[in-house]
Amino acid sequence: SSGGSSGPVSVTIRSSCSKTVKVFYGSNPKFGSGTQSSISSNSVQSHSFRVGDMFWVTDESSNGLDSVTVSERTRGIEISGSCSQLNER
């Protein structure tokens with residue numbers, strides 16, 4: 001049910017967290033196939049997603065804390081100062 005292209009969406013990921021936070025690109029951080037990564041405190045990076053891709057912030061044990069599903073309108077994702085929530089921009 002996509003109303004157009006599912007081409008790449010460039011998303012800016014900004015961390016307002018004061019420590020390095022673990023993140024996951026994929027559908028299920030605990031068991032799914034995807035990419036584990038981390039984002040250092042107060043940094044910005046960009047990542048190319050496809051529409052429908054999921055981005056997670058996880059705890060040290062790879063349990064998902066919060067997620068965003070990328071749409072063609074997603075331009076930015078912020079990791080909140082609490083280090084456990086995501087805000088879509």
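The values are calculated or read from the model by the stated rules, or taken from the named source; none is laboratory data. Only a predicted model underlies this, so the values are computations on that prediction, with no experimental measurement involved. Don't worry about glycine lacking a Cβ; one is built from the backbone with ideal geometry, like all the others, and counts go over all protein chains shown. Only protein heavy atoms, including side chains, enter the accessible area calculation; ligands, DNA and RNA are left aside. Shrake-Rupley method; radii C 1.70, N 1.55, O 1.52, S 1.80 Å.
Could you give the Stokes-Einstein D for the chain in µm² per second, using the C-alpha Kirkwood radius, 20 °C, 1.002 mPa s?
Estimated via Stokes-Einstein, D reaches 165 µm²/s.
Any chance you could run the full-extension gain for residue 61 through residue 19? It's 0.36 nm times the residue separation minus the Cα-Cα distance, nm to one decimal.
Result for the pair: 13.5 nm of gain on full extension.
Rounded to the nearest 0.05, what FRET efficiency do residue 37 and residue 73 give with R0 = 25 Å and r taken as the Cβ-Cβ distance? Could you check?
Computed FRET efficiency for residue 37 and residue 73 comes out at 0.60.
Suppose a student asked you for the relative contact order of the chain, using Cα pairs under 8 Å spaced at least 6 residues apart; what percent would you report?
The value is 33 percent.
Run the 1.4 Å probe and let me know the accessible area of residue 60, rounded to the nearest 10 Å².
140
Rounded to the nearest 20 Debye, what is the dipole magnitude of the chain about its Cα centre when Lys and Arg each give +1 and Asp and Glu each give -1 at the C-beta?
140
From largest accessible area down, sort 50, 89; use a 1.4 Å probe on the protein chains.
89, 50
Rank these by accessible area, largest first, 1.4 Å probe: 22, 30.
30, 22
Net charge near residue 60: determine it from the other residues with C-beta under 13 Å of the C-beta of residue 60, scoring Lys and Arg +1 and Asp and Glu -1.
Charge balance in the 13 Å sphere: +2.
Might you tell me the accessible area per residue for the chain, computed with a 1.4 Å probe and given in Å²?
Dividing the accessible area of the chain by its residue count gives 56 Å².
Rounded to the nearest percent, how much of the accessible area of the chain (1.4 Å probe, protein heavy atoms only) is carbon and sulfur?
43
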